[in-house]
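The values are calculated or read from the model by the stated rules, or taken from the named source; none is laboratory data. All of these numbers come straight from a predicted model, not from anything done at the bench. Every residue, glycine among them, receives a Cβ derived from its backbone with ideal geometry; neighbour counts consider all protein chains shown.
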Amino acid sequence: MTKTTLLDYHNSRRKRDAQADVAPLEDGYWRRKTLTEMNEREWEALCDRCSKCCVISIEDADTGTLYLTDVSCKLFDAKSCGCSNYENRKQYVHDCVKLTPKNVPKLDWLPQTCAYRLVSEGKDLFWWHPLISGDSETVHIAQASVRNKTRPEGRLKMAGLIKRITQWPVPLEKPPKALRNRKRSGT
């Protein structure tokens, strides 16, 4: 299995810092740094892997209203909740958007829960973010991800996409009781 990353190291404009790439992440770095101040590793870790940005949305040209579907990009792997060919995605999905500190504030289709959006707006991360919880599964437990909830885009045309409009659940505000009890007991 290949590692999915948000940044393409080969085409990234961020300076690589060999020491930062291997050093432990500073606790709460996203509270002290802007998106532009983050190194490659910090930027990568900021993604919660919800993959909502891989879901196709439709914008009403008259109202500007954005409608979310349950249809994902053709490269999206619903089981692993990530891109199946991230490094080469632009060769297959020409309109795939690379997130950057400059474009994040302008991308109205990013979910309200997106860590890049939150940091850009000066907000903190949610309890289920792996940097907060220490567990990459909490994004799924909180119902904040699209893992196993999408269908591939295939050959759908606009009429088919309109039929796939969905209301994604609001992520849980607090960890489920079983998870809170597990944390208290140290398991």
Only one residue in R16, R31 is modelled with pLDDT under 90 and surrounded by fewer than 18 Cβ atoms within 10 Å (Cβ to Cβ), so which one is that?
R16
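Residues checked against (1) farther than 19 Å from Y29 by Cα; (2) surrounded by 16 or more Cβ atoms within 10 Å (Cβ to Cβ); (3) within 16 Å of the chain's Cα centre (by Cα):
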position: A78; (1), (2), (3): yes, yes, yes
position: G82; (1), (2), (3): yes, yes, yes
position: Q112; (1), (2), (3): yes, no, yes
position: V119; (1), (2), (3): no, yes, yes
Considering only segment 75-187, give the helices (runs of 4 or more DSSP H) lying wholly within it that have at least 2 residues that are at pLDDT below 95 and hydrophobic (A, V, I, L, M, F, W, C).
158-163, 177-185
Could you tell me whether any residue of segment 84-102 is in contact (Cβ under 8 Å) with a residue 12 or more places away in the chain and either touching a Pro at 6+ places or on another chain (Cβ under 8 Å) or under 25 Å from R180 (Cα atoms) (or both)?
no
Per the list (1) closer than 25 Å to G160 by Cα; (2) surrounded by fewer than 19 Cβ atoms within 10 Å (Cβ to Cβ); (3) in contact with a Leu (Cβ under 6 Å, 6 or more places away or on another chain), residue check on C96 breaks on (3)
